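Right, one structure below, let's go through it.
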Amino acid sequence: MRVTSTMDVARQLVSEGAREGTVILADEQTQGRGRLGRHWVSRPDDSLSLSVILYPTVRQLPQLNMVASLATVRAITGITGLKPLIKWPNDILLSGRKVCGILIENIFDGPALKAAVIGIGMNVNLDPSYFPEIAATATSLSIEAGRDLSLQDLTARLLQEMDQLYGDLLRTGTVHDSWIPFVETVGKQVRIRSGDHIEEGRVESVDAKGSLILRRPDGSRAALDAGEVTLQI
Ligand code: BTN
């Protein structure tokens, strides 16, 4: 299936009353999008591009990021044996380069949360050197594993891990403890752009709501929300 973006299809399906857990899987996206309005490269046979429709409560919302990123880490390790890490808020890295991105869009009906769409894009057999905008910062599973990988196997494993972790979230209210060991950003010295403002300091932790807890050089602490910032390490 070729679509503009699986996020667009998901939005349409939400408006038509799609069931929770509906998955939109695309062979190709002509207008794949990333966080902060960026373009997302996705190519047939080389990229895994999917969106999942969920109907969480507002309280569960900050944890969706954790569900999606941890499911991705587990799926990659399960299929390839590689050990990815999470760069806060939700980039998945191998050898310090981005192999997968996650975009979560919340859909409101007036003031009420109607649905959340989790979009996951994985560079599976993609060669980033053909794409100048990502050549220096991205990698792919095939490059890291040294062999081509099956999109079907990865998709099946990813959905299975998401299903399990979303179930854990519904049962226990949090997946934070399982997620935090994979967050490479904790302990790092970082520069963060938040609007016009730059924050610098050492990352102390990421709290249960997904906010980055930063210790500034003067000893004060700041909690930074993922929606508003760009992390520069
Ligand atoms: C990011 O790192 O900025 C997030 C990238 C998210 C890309 C995925 S691919 C499937 C879904 N459809 C889109 O248009 N975007 C997400």
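The values are calculated or read from the model by the stated rules, or taken from the named source; none is laboratory data. Computed from a predicted model, the values in this text were never measured in an experiment. Heads up, the Cβs are rebuilt from the backbone with ideal geometry, glycines too, and the neighbour counts pull from every protein chain shown. Note: areas computed on protein heavy atoms with side chains; ligands, DNA, RNA excluded. Shrake-Rupley method; radii C 1.70, N 1.55, O 1.52, S 1.80 Å.
In a shell of Cβ-Cβ distance under 13 Å around Asp91, excluding Asp91 itself, what net charge do Lys and Arg (+1) and Asp and Glu (-1) give?
+4
Any chance you could look up the accessible area of Lys114 with a 1.4 Å probe, heavy atoms only, rounded to 10 Å²?
80 Å²
Excluding same-chain residues fewer than 8 positions from Lys188, which lysines have a Cα within less than 17 Å of its Cα?
Cross-link targets: Lys87.
Taking +1 at the Cβ of each Lys and Arg and -1 at the Cβ of each Asp and Glu, which of Gln29, Ser15, His176 sits farthest along the dipole of the range 2-182 towards its positive end, judged by Cα position relative to the Cα centre?
His176
So for the pair Phe131, Phe108, with labels modelled 7 Å out along Cα→Cβ, what separation do we get in nm?
Modelled inter-label distance: 3.1 nm.
Hey, what did the chain get for relative contact order, percent, Cα under 8 Å, at least 6 apart?
Relative contact order here is 17 percent.
Cα-based Rg of the range 2-182 per 2.2 N^0.38 Å, rounded to two decimals?
0.97
Given the rule -39500 (n - 2.57) for each run of at least 4 DSSP H residues, summed and divided by the residues of the chain, what is its mean residue ellipticity at 222 nm, to the nearest 500 deg cm²/dmol?
Helices in the chain give a 222 nm mean residue ellipticity of -8000 deg cm²/dmol.
With all protein chains present and a 1.4 Å probe, how do Ser5, Ser129 order by accessible area, largest first?
Ranked list, largest accessible area first: Ser129, Ser5.
So for Val58, Val186, Val41, what's the accessible-area order with a 1.4 Å probe, most first?
Val58, Val186, Val41
Take every DSSP beta bridge whose two residues both sit in the chain, then give the antiparallel share in percent to the nearest 5.
Close to 90 percent.
On the accessible surface of the chain, probed at 1.4 Å, how many percent belong to carbon and sulfur atoms?
Answer for the chain is 48 percent, counting heavy atoms of protein chains only.
Over the chain, with the other protein chains present, what is the accessible area per residue in square angstrom, probe 1.4 angstrom?
Each residue of the chain exposes 48 Å² on average to a 1.4 Å probe.
Would you mind calculating the gained length between Thr57 and Asp168 on full extension (0.36 nm times residue separation, minus the Cα-Cα distance), in nm to one decimal?
Length difference between fully extended and current span is 38.5 nm.
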